[in-house]
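S.K.: Can you read through this structure? Questions will come right after.
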Amino acid sequence: MTTTASTSAHGPSSSSSGDDRNPSGVRARLRTTPARLWLLAVASVVVVAGLFVSAGSTLGQARDGVEVLGEDAGPQAMATTELYLALADMDAHMADVLLMGTGHGLGSGREVAEEQYEASRTRANEALLQAASLTEGDSIEERNVQAVLDGLGEYERTVGEALLLNDEAEAPSGEVDETALRRYREGSRLMHTDLMPKAFNLGLGSSAIVRANHEEGQDEVALGLLRVGGTGVLTIGVLVGFQLYLRRRFRRRLNAPLLTATAVTAALTVGVVLTLDAAGGDQSRAKEEGLDAAMALSRAGAVATDMQADQSRYLLDPELADNHQQVYLERAQAVLFRPAGNLEEYYGQVAEVADTYPDLPGEGEQPGEDGEDTDPGTLGYLGEDARDSLLPAERGALGEVLSAYDTLQEEDRRMRELSEGGDRSGAIGARMDIAHHEDGAFTDYTEALDRLIDLHGRQFEAGIESGERALSVWTWLLPTATLLVLVLLAAGVRPRLAEYR
Amino acid sequence: MTPRDEDQVVFFESSRFADPETFRGASAGRVGKRHRPTTSLLAAAAAGVLTLAACAAPGEEASVLEGDTITIGVKFDQPGLGLAEDGEFAGFDVDVAHYLAGEMGFDREDVEVAGVTSVEREDKIIGGEVDMVVATYSITPERKTEVTFGGPYYVAKQDILVSADDTDTETVRDLEGLDVCQGEGSNSASRITDGLGIDATVSDAPSYSHCIDWLGDGRADAVSTDNLILAGFLAEDPSAYRFVNYPFTDEKYGVGLPYGDVEACEAVNKAINRMYQDGTAGELLEEWFGSTDLELVRTVPQFEGCN
C-alpha cells in the first residue's frame, strides 16, 4: 500500500484498514489537518454520490412501474377483459336473430342485430390479438388464446348453419326450427362451456400479471425507499461530522456553505422519500380504484350481456326453459347478489337495493353464531363496487346503474309473466324491447354501466398522471440538487484547505 | 394431534389466519376491500425493517405457497370424490388435490390429506387447520366473504337420479307429486320446490348415501343433488340407477384457500389450466365417472377470480 496522503484519503475505508505495521505512515499523515480535511471532503462526496445513485435508481424504478401500468399492462389487461364481453355479445345477438325468425322487424330489427354481431366479432378479434401479445411466453395462456381462436371459427360455422336452417325453414318468430335449434344448442354450448370460460380466464390471467408486476414493483420501490432514507441519513451524518470537525479544529461557529449543503441534502432525502411514497400511493390507487374496479365492472357488463341472452334462450328453447331461467338467476346473482331462492324474491331484493342506495341492505349486520342464516350483505360485481371507496361522481353513476338494473329486472318479470301466461308473441315482443339498441332496458343499463366504467377509467388515468408528474420533477431536480450540494461542499472546504497552502 | 399437525399450527401462528376472532372481526365489519389494502410504501418499508429480522416478506401475510408442507382437506364419505378406506383417501377430489399441490411446488411427501365434513370446511380454513380444501366445495357469494376460492376445477350441475326402471321421469317438471330425497343440511330439493315452484315432497335423509338406499328400496322416488356426487354413487352400481340428465344449476367446485391468499389462488388457477391442457382432468373424470352416463365437461371451467 502506498502511503501518500492523497491515495490514503480516497475513501473512508483506508483510514480503518490502515497498515498496522507502519503506524507512523498512514496514521501520522492522517493526523495532519489537510489530510483530514481531504478525507472528510472525499467521504462527503462519496456519500452524496451514493445518495444520488440510490435516489436516481429508485425514482427510475418507480417511473418504470407507473409507466408499465399506465401504458402497457393496464390497458392490455382491460382489452383482454373485453374479449369475454365480445363473445357473450355475439351469442346474445345470434339468439335474438334466431328468436326473431321471419319477424325481421321485431325490436330494432334483424339487420341491426346482425350488424352488432359482426361488430362484436371484430372486437373479439382485436381483443384476441391483445391477449396474444400479453400472454406471449406463457405457454398455458398462449394455448388458451389459440383454443379460443380455433373454437370461434367452429362456433361461427355451427351457428351460421343454425341460422341458415332456420331461414330455410322460414320459421316464424319464437318457433325456431327443430334442427336449427339443435345446431344452435351445440354452438351455444361450445361458447359457454369452452370459449367464454377460457376468455374469462384470460382476462383474470392478465389481471394476475398486472397484480404481480405491481406488487413486485411496489416492494422494490419500498426497499429502494429504505435505501434512499438510509443513505440520506448517512450523508447528513457525515456532513454534520464534517461540520463538527471544522468547528473544533478551526474554532469557528458554523461553516455556512456546509450547513446549507446539509440542509439541501436533508430536503433532498425527505423530498425523494415523500415523492416515492406519494407516487406509490397514486399507483396503487390507480390500480385498485381505477383499473381493478373498471375491469370488475366490465365483467359485470359481460355477465349481464349473457344474462339477457338467457332471456332469448328461455323463449327459443322451451324444453330447456327452466334451465335457462335458473342460469339467468345465477348470472344475475354474480352481477348483484342478494340472498334469494328464486327470481320472484330476487326482483324484490334488487328493487330494495336500488331504492336504499347509497345504503346497502344487509350491511353492518353482525353475523350470528350459526353464520348461516344471517344476511351476507350486498355482493356481486355491483355490490363490491358499492363497498369500495367511491368518488361522489362515481357514487352517482353507480346509483344510476343500480336503478337501470332494477328496471331490467322489472322488464324481465314482465317478459316471464307474459310467457307463463301463454302469450308467447307478447313475451317475444317484451324480450325484443329489452334488447332494443336505442331505448331498451338492457341498452340503458349498459350505457349507465359504461359511464361508471369510464369514471373508474379516468380515475386510473388521473392516478397514473399524478404519479408520473410527481416523479418527473426529479429528473432535473435530483441532479441539480446534487450538484448544488457538491458546489456548497467545495465552497465550504476550499477556504479551509487554502489555509494550508 | 400428530406431530405433523403441530407443525401446521406453528406454521400458521404468525399469520392472521390463525386467529378466527381476528378474522371474524374483519368479516363482520365488512369493510369490503377486495384488493390488497392500499398500504403506504412508507408503512410497508417500516414494516419491512421490523420484519426483516423474522425473514418474512415485507408487509404481507405468508401465503400457503410459502409453507414447507401443505395440508389439504377432502371429503371422506363421498364415493368417487373423496372416500376414506383403510386410512387412505381416494376419489376425483383427492387426485385433483394431489395434482394441484404438485403444480404448486409441493413434493408428494409434503402433502397431507385430511378428511373434512361439509360444515367444517370454513372453520378449518379460517383456523388454519388445513391450508386448502378440495371437497365438493361450491363457490357461493356468501362463502366468498370468508374464503378465497381458486378455480372452480369443475362445474357440477344439479341433476336427478331415479331408479333404472323409472322411465317416466324426463325433466325436473316430472317430479311433480313425487318424493324427492335430500341429505340433511342440503337445500338441493328446495331449489326444485321453492326455486322452480314444483310441487314435490321433500324427505330429509341423514346423508345422500341414505338417499341412495331409500331410492333402492322405494322409500324415495328421486334423489337430487350435484351430478358429480350422484355419479359417484352411480359408479358403484351403474345398472341400478339412471340420470335424468336435466342439469339445472351450476355448482362451481372451488379450491378453498385462506381469505386473501391471492398468490396461492392464482397458482391454483394456473395449475387447473394445466390440468385441463395436459389431459389429466379428462383422464381423472373418465377414471372416476366414466362408467356412468353422465355428460362430462372436459374443458377448463370459468374461474371465479381471486380478489
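The values are calculated or read from the model by the stated rules, or taken from the named source; none is laboratory data. Keep in mind it's a predicted model, so treat the numbers as computed, not measured. We place every Cβ from the backbone using ideal geometry, glycine too, and count neighbours over all the protein chains shown.
S.K.: Looking at A:ALA88, is it under 24 Å from the mean Cα position of the chain (by Cα) and crowded, with 18+ Cβ neighbours inside 10 Å?
M.R.: yes
S.K.: Conditions first: (1) outside any helix (DSSP H, G or I); (2) within 14 Å of chain B (Cβ to nearest Cβ); (3) over 20 Å from the mean Cα position of the chain (by Cα). A:GLU417 passes all but one, so which condition is the exception?
M.R.: Among (1) outside any helix (DSSP H, G or I); (2) within 14 Å of chain B (Cβ to nearest Cβ); (3) over 20 Å from the mean Cα position of the chain (by Cα), the lone unmet condition for A:GLU417 is (1).
S.K.: Same structure again: In this structure, is A:ASP433 of a type outside the set (Phe, Trp, Tyr) and outside any helix (DSSP H, G or I)?
M.R.: no
S.K.: Check the stretch B:242-256 and report whether any residue there is among the small types (Gly, Ala, Ser), surrounded by 23 or more Cβ atoms within 10 Å (Cβ to Cβ) and either closer than 25 Å to A:GLY383 by Cβ or within 11 Å of chain A (Cβ to nearest Cβ) (or both).
M.R.: yes
S.K.: Next up: Of all residues in the stretch B:171-187, which are at pLDDT 80 or above and surrounded by fewer than 22 Cβ atoms within 10 Å (Cβ to Cβ)?
M.R.: The answer is B:THR171, B:ARG173, B:ASP174, B:GLU176, B:GLY177, B:LEU178, B:ASP179, B:GLY183.
S.K.: Scanning the stretch A:355-364 for residues that are more than 11 Å from chain B (Cβ to nearest Cβ) and of a type outside the set (Val, Ile, Thr), which turns out farthest from A:GLY399 (Cα to Cα)?
M.R.: Of everything passing the filter in the stretch A:355-364, A:PRO361 is farthest from A:GLY399 (Cα to Cα).
S.K.: Considering each residue of the stretch A:157-173, count those that are among the acidic types (Asp, Glu) and either modelled with pLDDT of 95 or more or outside any helix (DSSP H, G or I) (or both), and give that number.
M.R.: 1
S.K.: Test of understanding: among B:GLY115, B:GLY80, which residue is closer than 20 Å to B:ASN245 by Cβ and out of contact with any Cys (no Cβ under 7 Å at 6 or more places or on another chain)?
M.R.: Step by step, each of B:GLY115, B:GLY80 is checked, and only B:GLY80 is closer than 20 Å to B:ASN245 by Cβ and out of contact with any Cys (no Cβ under 7 Å at 6 or more places or on another chain).
S.K.: Which condition from (1) modelled with pLDDT of 90 or more; (2) within 12 Å of the chain's Cα centre (by Cα) is the one that B:ALA101 breaks?
M.R.: Here B:ALA101 meets the rest and fails (2).
S.K.: Got a sec? Which strands (runs of 3 or more DSSP E) wholly within the stretch B:213-307 have at least 3 residues that are of a type outside the set (D, E, K, R) and touching a residue at least 24 places away in the same chain (Cβ under 8 Å)?
M.R.: B:222-226, B:250-258
S.K.: Also, quick follow-up: Say whether the condition of being modelled with pLDDT of 85 or more, within 14 Å of chain B (Cβ to nearest Cβ) and in a helix (DSSP H, G or I) is met by at least one residue in the stretch A:402-414.
M.R.: There is no residue in the stretch A:402-414 that is modelled with pLDDT of 85 or more, within 14 Å of chain B (Cβ to nearest Cβ) and in a helix (DSSP H, G or I).
S.K.: A follow-up question, please. So, of the residues in the stretch B:141-170 that are basic (Lys, Arg) and within 25 Å of A:GLY205 (Cβ to Cβ), which turns out to be surrounded by the most Cβ atoms within 10 Å (Cβ to Cβ)?
M.R.: Looking at residues that are basic (Lys, Arg) and within 25 Å of A:GLY205 (Cβ to Cβ), I get B:LYS144.
S.K.: Would you pick out the residues in the stretch A:182-201 that are facing chain B (nearest Cβ under 10 Å) and in contact (Cβ under 8 Å) with a residue 12 or more places away in the chain?
M.R.: A:LEU190, A:HIS192, A:ASP194, A:LEU195, A:MET196, A:LYS198, A:ALA199, A:PHE200, A:ASN201
S.K.: Which of the residues that make up the stretch A:213-235 are closer than 30 Å to B:ILE272 by Cβ and facing chain B (nearest Cβ under 8 Å)?
M.R.: A:GLU215, A:GLN218, A:ASP219
S.K.: If you don't mind, there's one more thing I want to ask. Being over 17 Å from the mean Cα position of the chain (by Cα) and either of a type in the set (Ser, Thr, Tyr) or more than 10 Å from chain A (Cβ to nearest Cβ) (or both) is the filter here, so list the residues in the stretch B:266-292 that pass it.
M.R.: Selection gives B:TYR276, B:GLY279, B:THR280, B:GLY282, B:GLU283, B:GLU286, B:GLU287, B:PHE289, B:GLY290, B:SER291, B:THR292.
S.K.: I've got another one for you. Would you check if there is a residue in the stretch B:148-157 being within 14 Å of chain A (Cβ to nearest Cβ), at pLDDT below 90 and over 12 Å from the mean Cα position of the chain (by Cα)?
M.R.: Yes: one or more hits.
S.K.: Which ones in the stretch A:121-133 are buried (at least 16 other Cβ atoms within 10 Å of the Cβ) and at pLDDT 90 or above?
M.R.: Residues satisfying the conditions are A:ARG121, A:ARG123, A:ALA124.
S.K.: Can you find even one residue in the stretch B:193-207 that is crowded, with 23+ Cβ neighbours inside 10 Å, within 14 Å of chain A (Cβ to nearest Cβ) and under 25 Å from the mean Cα position of the chain (by Cα)?
M.R.: Yes - at least one qualifying residue is present in the stretch B:193-207.
S.K.: If A:THR179 meets every condition in (1) more than 12 Å from chain B (Cβ to nearest Cβ); (2) surrounded by 18 or more Cβ atoms within 10 Å (Cβ to Cβ) apart from one, which number is that one?
M.R.: For A:THR179, the exception is condition (2).
S.K.: Something else about it: Every residue in the stretch A:366-391 that is under 23 Å from A:GLY348 (Cβ atoms), at pLDDT 75 or above and more than 7 Å from chain B (Cβ to nearest Cβ), please.
M.R.: Residues satisfying the conditions are A:ASP375, A:THR378, A:TYR381, A:LEU382, A:GLY383, A:ASP385, A:ALA386.
S.K.: Here's something else I'd like to know. Within the group B:ASP204, B:ASP165, B:ASP194, which residue is on the phi < 0 side of the Ramachandran plot, part of a loop (DSSP other than H, G, I, E, B) and without any contact (Cβ under 8 Å) to a residue 24 or more places away in the chain?
M.R.: Only one candidate qualifies: B:ASP165.
S.K.: Then there is this: Looking at the stretch A:201-229, which of the residues that are among the hydrophobic types (A, V, I, L, M, F, W, C) and modelled with pLDDT of 90 or more is surrounded by the fewest Cβ atoms within 10 Å (Cβ to Cβ)?
M.R.: The extreme case among them is A:LEU223.
S.K.: With closer than 22 Å to A:ALA92 by Cα and exposed (fewer than 14 other Cβ atoms within 10 Å of the Cβ) as the only criterion, which of A:GLU118, A:GLU156, A:GLU136 stands out?
M.R.: When all the criteria are applied, what remains is A:GLU118.
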